[in-house]
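K.L.:
Take this structure first; my questions come after.
The values are calculated or read from the model by the stated rules, or taken from the named source; none is laboratory data. Given the structure is predicted, the values throughout are model-derived calculations rather than measurements. Here the Cβ positions follow ideal geometry from the backbone for every residue, glycine too, while neighbour counts run over all protein chains shown. In case anyone asks, the SASA skips ligands and DNA or RNA and just uses the protein heavy atoms, side chains included. Shrake-Rupley method; radii C 1.70, N 1.55, O 1.52, S 1.80 Å.
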Amino acid sequence: MPRRAAVGRRTFTSTLKALDDLAQAGAKVSVRINDLDRGSTVLRGDDFVTLPVAGLGMVPLLIEVAAAIEAGTLDPLEIIDRSSIERVEVGGVWQHLKAPALPVVDLAVLAASSGDAAASNALINRVGLPAVRARIEQLGMSHSALLDRFRDHRGPDDAPQVALGSTRELAQMFAALVNSEAVTAGVSAQVAEWLSLNQDLSLVASATGLDPFAHFNDEHGLLFINKTGRDDGIRVEAGVLAGPRAGVAYALIVCFDDLSIMHRLRAHEAFRTLGVELMEYVF
């Protein structure tokens, strides 16, 4: 890779306008972008606010699973039966597969690549929410939490959200993964490898031009890992994007009234606008 040039002239004017329009329409918006090379903050907006992050809350779960495997307290080939967890249909492919049981590492791949709810719940059931919460605390994420497993329906006795987080901590978590600082270098590499399989490139990542099904090694020298979160009126994405000019860790949360398809598309367009300007920044 050539030496990275100065990027001070790059701006995020279009992103700020798109997010401001969403906020004016009543959406809750939080954004954070960190320059990985200079260690500086490129963009921030209410990045300290704790908001729902849906499936993105599975990243600390994957970190805990990888840490337990490295510590020898969890066998990566331990078989977990699907019948041991309550059936959930909110998303994922395991519910459609004939295989009634899978090893821990395959469940981690499903959780990272397709946001598989059943696989995530099986991992939560295996390592336990207290262990994940302790790991989140160990990572220094005081404004983040994994509250509950995935559910088809949330009753009055259930946690109102799967997970909470702030864009500041989400961006820092992804920076720690690529800088080999999340628990250990081995754990960081394992979780980054799982996340590199993520197939949801429909939000910020739509601007990268990467193949959703095979983007681990890009011929144009683009380094990219990400994780998204989706729920009713919630869209979230965090990740790392690095090119020849710069590398960034980013996070964006938008909580909006999903009253019509236009409300949803307007939220999605803000993510894509950020993606375009991130590509301009790193290239």
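K.L.:
If amide H atoms are built 1.01 Å from N in the plane of the peptide, which residues on other chains or at least 5 residues away come under 5 Å of the amide H of R230?
P.N.:
The list, which skips near neighbours in sequence, is G55, L56.
K.L.:
Among L129, Q24, I79, flag the residue with its Cα farthest along the positive direction of the charge dipole of the chain, charges on Cβ as +1 for Lys/Arg and -1 for Asp/Glu.
P.N.:
Q24
K.L.:
Additional query: Taking a 1.4 Å probe, which of M279, M141 shows the most accessible area, and what order do the others take after it? Let's see the in-between values first.
P.N.:
On the way: M279 35, M141 15 Å².
The most accessible residue leads, giving M279, M141.
K.L.:
Let me ask something additional. Could you sort D231, D157, D37 by their accessible area in this structure, using a 1.4 Å probe and putting the largest first? Write out the running numbers ahead of the final one.
P.N.:
Numbers: D231 65, D157 150, D37 85 Å².
From most accessible down to least: D157, D37, D231.
K.L.:
Would you grab the residues whose amide H sits under 5 Å from the one on G92? Only those 5+ places off in sequence or on another chain, please, with H modelled 1.01 Å from N.
P.N.:
A117
K.L.:
What does the convex hull of the alpha-carbon atoms of the stretch 161-283 project to on average, in nm²?
P.N.:
Values: hull surface 30.9 nm².
Hull-based average projected area comes out at 7.7 nm².
K.L.:
A follow-up question, please. Note down the Stokes-Einstein diffusion coefficient of the stretch 98-215 in µm²/s, whole number, using a Kirkwood radius over alpha carbon pairs, 4 °C, and 1.567 mPa s. Write out the running numbers ahead of the final one.
P.N.:
Values: Rh = 15.8 Å.
Diffusion coefficient, whole number: 82 µm²/s.
K.L.:
Return the lysines within reach of K17: Cα separation strictly under 18 angstrom, same-chain partners fewer than 8 residues apart disregarded; answer none if there are no such residues.
P.N.:
Answer for K17, where 18 Å is the Cα cut-off: K28, listed by chain and number.
K.L.:
Might you tell me the accessible area per residue for the chain, computed with a 1.4 Å probe and given in Å²?
P.N.:
Values: 12740 Å² over 283 residues.
Per-residue accessible area for the chain comes out at 45 Å².
K.L.:
Keeping all protein chains in position, work out how much accessible area L265 exposes to a 1.4 Å probe, and write it in Å² to the nearest 10.
P.N.:
Probe radius 1.4 Å; accessible area of L265 about 80 Å².
K.L.:
If I ignore ligands, DNA and RNA and count only protein heavy atoms, how much of D81 is accessible to a 1.4 Å probe, in Å² to the nearest 10?
P.N.:
Roll a 1.4 Å probe over it and D81 shows about 70 Å².
K.L.:
Read phi for every residue in the stretch 119-130 and hand back ³J(HN,Hα) as whole Hz from Karplus 6.51 cos²θ - 1.76 cosθ + 1.60, θ = phi - 60°, with x for Gly and Pro.
P.N.:
Running phi through 6.51 cos²θ - 1.76 cosθ + 1.60 with θ = phi - 60° gives 5, 4, 5, 5, 5, 4, 5, 6, 8, x, 4, x Hz.
K.L.:
What are the lysines whose alpha-carbon lies under 27 Å from the alpha-carbon of K98, with same-chain residues fewer than 8 places away excluded?
P.N.:
Hits, sequence-local ones excluded: K227.
K.L.:
How large a share of the accessible area of the stretch 81-214, in percent, is made up of carbon and sulfur atoms when the probe is 1.4 Å and the other protein chains stay in place?
P.N.:
Values: 3070 of 5990 Å².
Carbon plus sulfur share of accessible area: 51 percent.
K.L.:
Run lengths n ≥ 4 of DSSP H only: what is the helix-derived mean residue ellipticity at 222 nm for the chain, with -39500 (n - 2.57) per run over all residues, to the nearest 500?
P.N.:
On the way: 8 runs with 103 residues, N = 283.
Roughly -11500 deg cm²/dmol at 222 nm, from the helical runs in the chain.
K.L.:
Between the stretch 57-75 and the stretch 90-115, how far is it from one alpha carbon centroid to the other, in angstrom?
P.N.:
16 Å
K.L.:
Once both labels are modelled 7 Å past Cα along the beta-carbon direction, what's the D20-V93 spacing in nm?
P.N.:
Inter-label distance under the simple model: 4.3 nm.
K.L.:
Something else: Note down the net charge around A122, summing +1 for each Lys or Arg and -1 for each Asp or Glu among other residues with Cβ under 12 Å from its Cβ. Intermediate values should be presented prior to the final figure.
P.N.:
Numbers: positive: R82, R87, R126, R149; negative: E78, D81, E86, D106, D116.
The answer is -1.
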